[in-house]
Amino acid sequence: MGKMSQNASIESGGKGPKYKRVYLELRGALTDGTHREGDKLPSENELVERFGVSRPTVRRALAQLVSEGFIARRMGAGTVVSNRSENEVLVFGLLIPELGTTEIFEPICQGISQAHSRGRHDLLWGPSFLKGASKEVQAEHLCKYYIERQVSGVFFAPMEHFEGRDAVNLSIVRALDEAQIPIVLLDRDIVLFPERSKYDLVGIDNHRAGYVLAEYLLRSGSQRVAFVATPFSAHTVDARIGGYKEALHAHHGSAAEPMVKWIDPNDVPAVEEFLHQQQPDAIICANDFTAAQLLRTVTSMGVQVPAQLRIAGIDDVKYAQLLQTPLTTIRQPCLEIGSTALLAMLDRIAHPTAPAREFIVDFELVVRKSTEVNGQERSEADKHRFNGSGKAVEPHQSSDGRDSAAGAGGTVSSQGAEP
């Protein structure tokens, strides 16, 4: 029989209900293989002494383990470890404020749901609270709901696009921490690089994604590549900007001129001013949604994409290939992110004290018409830039030598315009 590690008294230390802390300690020993099927657990008196808690506290922890199928109480044999391989059911909460508005999260949730695990798992989407309330209020109420339901873990995509997002994100994870509920972050961290939170994170390498897109544009002929994002974006955008800047310096050296603009892509006067002042020949957008909005704005100004301006995004949402000018983008492997997130959660439950880890899933560069370059179109691009009204003016000189490969290691595919 495996041995349970000795624990200092938790009667007065730590946060959260005492029985919950005893329960989590015992469950960790049951899920990491310390105790195997048929092993006998220590008696209630031994657990009282070991954890420094009262007998009712130990009984409540054991009762929850019994209800979840971890252990069974047998007459004359005491408390033994059960075989949970067939009847284990873990319930996980989805705390994704952007679900329904940010397209990548639906297939990520699908990946979590469809992933195979040793036992069964269910996803709890949670009810809608306070119709008409802000997303941050909805998220905080959903967090409380999951805590009341005592879910096995929460998949959390930190909030973005409003000024107080960091405070709300921290409030949510602190509440889950106090309830001893494991957290796996999806797509983004709750802190800005170079800081790193204490939670497991699953997503793509956003720094490399920014680098790959910029390098592709530079190596295929663009000279003045800009980066556009909306204010108060997720911290992943800062990582993408970092990769973009690194690619510029690798290509241009000390002559590199990063052009990062935090702007509403629907604001026509602001976009006109940016194009007139900076004269970019290509723009990387923080995501496909921003790219689609910018594409519509510049088209309304009479700017030809890609002949005058090349535009790329990140995510490869469904509509990216259906736009009037199909969008070059980084394809996020959403199903794989979801299945990896489930593995991360199960391992976190089994090893609650393990260091935080970052699970990086590879991406693919998908080249479409929005950055297309061939003989005549490149010649036109070399002849045109923009004045304040989007009309043609003489450009900066452009160099030759075009290579569409993504030298930083992203997989590349090329797709023509959809019929």
Long-range HN-HN contacts of A282 with modeled amide H, under 5 Å: R224, A226, R310
Could you work out the relative contact order of the stretch 18-81, using alpha carbon pairs under 8 angstrom and six or more residues apart, expressed as a whole percent? 43 percent
Ranked from highest to lowest mean number of other Cβ atoms within 10 Å per residue, what is the order of the peptides 224-237, 31-44, 279-292? 279-292, 224-237, 31-44
Residue by residue through the stretch 296-307, the couplings from Karplus 6.51 cos²θ - 1.76 cosθ + 1.60 with θ = phi - 60°, in Hz, x for Gly and Pro, are 5, 5, 5, 5, 5, 8, x, 7, 8, 10, x, 4
Where labels lie 7 Å past Cα in the beta-carbon direction, separation of A255 and A356 in nm: 4.2 nm
Mind listing the long-range amide H neighbours of L41? Cut-off is under 5 Å, sequence gap 5 or more, other chains count too, H placed in the peptide plane at 1.01 Å from N. T79, V80, V81
Estimated inter-spin distance, L322 and D32, nm [label 7 Å along Cα→Cβ]: 4.8 nm
Ascending count of other beta-carbon atoms within 10 Å, so fewest first, for I314, I147, I183: I147, I183, I314
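The numbers here are math on the coordinates, done by the rules we state, and not lab data. All values derive from a computational prediction rather than experimental measurement. Counting neighbours? That spans all protein chains shown, and the Cβs are built from the backbone with ideal geometry, glycine included.
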